[in-house]
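The next block holds one structure in the form of structure tokens; read it before the comments.
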Amino acid sequence: EKNEKKGGEPLDWDKPELLFIMMNKIPLLKNRIDVWLFSLQFNARLLLLMKQLDQFVEACEEIHKSQALKSIIGAIVSVGNYMNGGTKRGQADGFDITFVGKISGVKGNGTTLLKYLASKMKQKDPSIMNLEKGFPTLLKKSGNLPSLKELKASAEKLVTQFRAKNQEATKISQTKIGPKDRFEVVLREFFQQYGDKPKALTTSRKRASRTYIFTVLFFGDGKTQVKKMLPSNEFFQMFREFITAFKQSLPQEENAKKKGNVMQAFKKKKALGKKIGIGGEMVKGLDAVIDAIRMGKGGNLKRSSKKKKTISANGKGNPPKNPFGRDPNPTGGIDLRGILKKSKNRKAGKKKLSPNKPMTAPPVPPRKSSAQSPLDSGNKSSERKHG
């Protein structure tokens, strides 16, 4: 460009250089890009903030409109007044809301105050078992929400930027590049389309602030000051933990029944023990074994199973029966189990008795002695002489 101004020959620029030379000739280029970028991002930022503010209000309303939660808080106040009876603290209409996060730590007589309240509340109103269903936004969405302070700052910033960029776009429109410059037309449509959004955003921000203050004061003890309120993220976290702890402190009878039904279905589908015979009757399960042992029938337990094939000497299973007589081993194989059992009985001195023969005592063997007395030897010699 300096070379052309001095009367030199024009340089042959490539396309990238020509683009930057052209952009350098656009007046207020940086301001134009900023306004364009803001117009492209405004709708997404606005929708996100409006959604977060709505969820914030819903979480607050779930807390202060819940009848179940009011009953629980009222029961806490009643228990506290009873425990502090006869003192100045025994006539309280409320308490410091931060105590909700500490109630699960109050213990006595082998239980906690929260478990005691949960048991009594269930007896009075069984629907308390579904407490968590009344807080879908608080339990599932409020954990990802920014604090009220951050939401207010983001909303105010977006409103301020909208107004500033509108004024800046009006100033830029006065410097046209040429007849094809569409900056003024496009930006004028944008600001006309979203002109009422800053006001709606400000209304949502103020509503969220009022709802939060009302919710905190509703559960307060009358001494809570707006300037000393808990941050909203800590407030929501405190109630989330309290509702979860209360749900876990409820008697789990229904859950135990459901678990028992599941276990019964599992046992029917897949038995824990195989069939066992006791006195000719077939039963199932390990419980039957234990009962039989306790009743003294453990020796009659027979585990039913399919007849196993034994392997013969030539490696083939189940050969034909012996045609010359009764085969002591009908299967024709080597019965190792029977051999081991006979060997064991022989060592123990046991003999099998036939069921048809009466049980008799075994004969007493003759007394053996290594040294004979002289009387016995004399008797024998005289017998020989007389014989």
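The values are calculated or read from the model by the stated rules, or taken from the named source; none is laboratory data. Note that this is a predicted model, so its numbers are computed, not measured. As a convention, Cβ positions derive from the backbone with ideal geometry for all residues, glycine included, and neighbour counts pool all protein chains shown. These area figures cover heavy atoms from the full protein model, side chains too; ligands, DNA and RNA do not enter into them. Shrake-Rupley method; radii C 1.70, N 1.55, O 1.52, S 1.80 Å.
In this entry, K51 passes the filter for residues that are within 15 Å of L145 (Cα to Cα), without any contact (Cβ under 8 Å) to a residue 60 or more places away in the chain and part of a helix (DSSP H, G or I). Screening A256 against (1) over 19 Å from F56 (Cβ atoms); (2) modelled with pLDDT under 85; (3) open to solvent by 70 Å² or more (accessible area, probe 1.4 Å) leaves a single unmet condition, (3). Of all residues in region 100-122 being open to solvent by less than 70 Å² (accessible area, probe 1.4 Å) and over 13 Å from S249 (Cβ atoms), which is modelled with the highest pLDDT? Out of the qualifying residues, it is V100.
Might you check whether a residue that is among the hydroxyl-bearing types (S, T, Y) and either part of a helix (DSSP H, G or I) or in contact with an Asp or Glu (Cβ under 7 Å, 6 or more places away or on another chain) (or both) occurs anywhere in region 89-101? Looking through region 89-101, at least one residue is among the hydroxyl-bearing types (S, T, Y) and either part of a helix (DSSP H, G or I) or in contact with an Asp or Glu (Cβ under 7 Å, 6 or more places away or on another chain) (or both).
Once region 118-165 is narrowed to residues that are within 26 Å of N233 (Cβ to Cβ), not in a helix (DSSP H, G or I) and not aliphatic (A, V, I, L, M), the residue that is farthest from the chain's Cα centre (by Cα) is S147.
Listed by first and then second residue, the pairs with beta-carbon distance under 6 Å, at least 6 apart or on different chains, first residue in region 19-38 and surrounded by 15 or more Cβ atoms within 10 Å (Cβ to Cβ), second assigned to a helix (DSSP H, G or I) and not acidic (D, E), are L28/I172; N31/I172; R32/I172; V35/K165; V35/A169; F38/K165.
Inside region 155-214, residues that are open to solvent by 50 Å² or more (accessible area, probe 1.4 Å) and in contact with a His (Cβ under 9 Å, 6 or more places away or on another chain) make up a count of 1. Right, S142: at pLDDT 90 or above and either surrounded by fewer than 17 Cβ atoms within 10 Å (Cβ to Cβ) or in contact with a helix residue (DSSP H, G or I) (Cβ under 8 Å, 6 or more places away or on another chain) (or both) or not? Criteria not met by S142.
Of all the criteria given as (1) out of contact with any Phe, Trp or Tyr (no Cβ under 6 Å at 6 or more places or on another chain); (2) within 30 Å of K30 (Cβ to Cβ), the one not satisfied by S249 is (2).
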